[in-house]
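Comments concern the structure below.
The values are calculated or read from the model by the stated rules, or taken from the named source; none is laboratory data. Note that the structure is a prediction, hence the values are computed from the model and not measured. Positions of Cβ are backbone-derived with ideal geometry, glycine not excepted, and every protein chain shown enters the neighbour counts.
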Amino acid sequence: MSRRATSAGHRTEVVGVADNYAGLIEEVRQVNRHNPAPAPALNPFVARVNDIGRSAVGATEDLAVFLQMLGSLFMAIFGVLRRPRSLRLTSLVYQLYRVGWQAIPIVVLITFLIGAIIAQQGIFHFRKFGADSYVVDMVGILVLRELGVLIVAIMVAGRSGSAYTAELGSMKMREEIDALSTMGLDPVEVLILPRVIALVCALPILSFIGSMAALYGGCLVAWFYGGMGPAIFIARLHDAVSVTRFEVGIIKAPFMALVIGIVACSEGLRVKGSAESLGKQTTTSVVKSIFLVIVLDGLFAVFFASIGM
Amino acid sequence: MQETTPQFAIRVHDLVVGFGRHVVIDHLSLDVRKGEILGLVGASGGGKSVLMRTIIGLIPRQGGEIEVMGAAIGDTHDRNTQSAAGRWGILFQQGALFSSLTVRQNIQFPLRENLVLSDALMDEIATAKLEMVGLMPEDGDKFPSELSGGMTKRVALARALALDPAIVFLDEPTSGLDPIAAGEFDALIKTLQKTLGLTVFMVTHDLASLNTVCDRVAALADGKIVAIGPMRELLQSEHAWVRAYFHGKRSLMLQPKAS
């Protein structure tokens, strides 16, 4: 207040202040003298172009980080192939247990429900033109070829990918990763390789279990809602679905697992010192791996279509 | 690997480290003698930890050479650095214990990775190291999250000592400890240095521990070592920053009684 008065050209004086407050008044007078220079306002158009440029640079950076992680993973794999004893077996088994075995209940539940919903919708709409027996074809192809693996991959990205990012991120925050490298160990070999291998092994198994659960769900709905007995369902399924369909689905799983694992681990290593950055990287990791899984699925669809599978 | 410079444990020559355009370490040279305790002081954010992390290979440098026990240090993937890693122990500021392992497993970790030993022998070593740093053998089964700050530092020191290294790097070992615990820690470091002939490179702000344990003190300002020598010489240094550091209100206890 006194400062404003002074700047308006008046002389100010603070009177009648008790001694113990005088120090405080004096301290306040000392601080906050200089306002930081305001950031120069950019032309909105320039700012927008600037933003686009920044995100383009960010995207290439992301790609570089991804490729770098892929490269160091392969280096680690070659290292392990040369010295099989250096594979962290305990860690691998533990990670397999976590991302594989412990994920089974939730995967089964979700895919069961998805299968049931597809079958119900199919029967409801196909019945209008008397084609309800084709529901079996739809459920079979959709689940085995696309949805089974996709849904399981998305769930694994959300469940295990985020866990990987958070774990590695907090290790990075607590300098544990630095401690590892100063002991002459490669964090990729010790921490990341077992995690990614576990994911690559677990995802095909989970997709298989998930697909079976979805078919089971579809079968139950067809039986109770559509009045089609299990025997007929299985017979129709046998006609409609070839082994190729199933192969197409399951082949995608390890690649999706690799993408999820690499994204999760490299985002984890990008965590900076703060808890906020840990949360941010975990979110980024999940969003990015789900996005990449879907893009990958699209690429595979194009690929399989072109080779006629 | 031949020992080219037997009297020096660490030689840093003309080191430049920077992030982007911001140069943190500017043509710095520093020699650490074998068997001495060197204290490094400097302003907060002035590059002390950066210097230490560069020496141990965590931060890439832009120029200059680093030798630890006569072997040149590259980045962490370098074979030379990895073999040097067996000869140093590092205590990070926050301890950096592996949170998924118990205290005992933490101490055994460097042993397990570098040597082939029986479990019984490793347990024995871990217990010995625990007692060395003043902890009970029962503490070995705790997890890092169950430890107090002082205990974390002690365990981290035990882990740093697990391989009986020739050099120990300590990043603010006494920060966050009460004066009694800090004093004990200082005494511990001194004892270990005397008995094991350790070379200690210590980054610290703790004037008391600088005064009591360090053989020499190096002052880092503006990315350079501006003064180095025993505490007595540093107190007489004419460099403005060094004077401000050692002659401020908080350093009065360091002044010789006579003056």
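Could you tell me which residue of segment A:161-170 is nearest to the other protein chains (Cβ to nearest Cβ), considering only residues that are farther than 11 Å from A:CYS265 by Cβ and touching a helix residue (DSSP H, G or I) at 6+ places or on another chain (Cβ under 6 Å)? It comes out as A:ALA166. Those residues that are without any contact (Cβ under 8 Å) to a residue 60 or more places away in the chain, over 22 Å from A:GLY169 (Cα atoms) and buried (at least 16 other Cβ atoms within 10 Å of the Cβ), I need them from segment A:280-309; list them, please. A:LEU296, A:PHE300, A:PHE304, listed by residue number. Restricting attention to segment B:35-71, the residues being under 12 Å from the mean Cα position of the chain (by Cα) and within 13 Å of chain A (Cβ to nearest Cβ) number 5.
For segment A:116-203, the helices (runs of 4 or more DSSP H) that sit wholly inside it and include 3 or more residues that are under 22 Å from the mean Cα position of the chain (by Cα) and either of a type in the set (S, T, N, Q) or surrounded by fewer than 24 Cβ atoms within 10 Å (Cβ to Cβ) (or both) are A:148-156, A:162-173. Filtered by the rule that a residue be crowded, with 19+ Cβ neighbours inside 10 Å and assigned to a helix (DSSP H, G or I), segment B:128-138 gives B:LYS129, B:LEU130. A:ALA18 falls short on exactly one of the conditions (1) over 30 Å from A:ALA213 (Cα atoms); (2) touching a residue at least 24 places away in the same chain (Cβ under 8 Å), and that condition is (2). Scanning segment A:63-109 for residues that are surrounded by fewer than 16 Cβ atoms within 10 Å (Cβ to Cβ) and farther than 27 Å from B:GLU113 by Cβ gives A:LEU63, A:ALA64, A:LEU67, A:TRP101, A:GLN102, A:ILE104, A:PRO105, A:ILE106, A:LEU109. Residue-level analysis places A:VAL293 outside the set of residues that are touching a helix residue (DSSP H, G or I) at 6+ places or on another chain (Cβ under 9 Å), modelled with pLDDT under 85 and not basic (Lys, Arg).
Restrict the check to segment A:249-269 and report whether at least one residue is closer than 30 Å to A:ARG127 by Cα and crowded, with 22+ Cβ neighbours inside 10 Å. Checked segment A:249-269: at least one residue is closer than 30 Å to A:ARG127 by Cα and crowded, with 22+ Cβ neighbours inside 10 Å. Entry remark, segment B:143-167: residues being more than 14 Å from chain A (Cβ to nearest Cβ) and farther than 30 Å from A:ARG85 by Cβ number 5 in total.
Within segment A:175-190, is even one residue touching a residue at least 12 places away in the same chain (Cβ under 8 Å) and farther than 18 Å from A:SER91 by Cα? Scanning segment A:175-190, I find no residue that is touching a residue at least 12 places away in the same chain (Cβ under 8 Å) and farther than 18 Å from A:SER91 by Cα, so the answer is no. Every condition in (1) crowded, with 17+ Cβ neighbours inside 10 Å; (2) at pLDDT below 80 holds for B:ASN106 except the one numbered (2). All of (1) polar (S, T, N, Q); (2) modelled with pLDDT of 90 or more; (3) surrounded by 15 or more Cβ atoms within 10 Å (Cβ to Cβ) hold for A:SER277 with one exception: (2). For segment B:85-128, the set of residues classified as at the interface with another protein chain (Cβ under 8 Å from one of its Cβ atoms) and under 17 Å from B:ASP164 (Cβ atoms) consists of B:ALA85, B:GLY86, B:TRP88, B:ILE90, B:PHE109, B:PRO110, B:GLU113, B:ASN114, listed by residue number.
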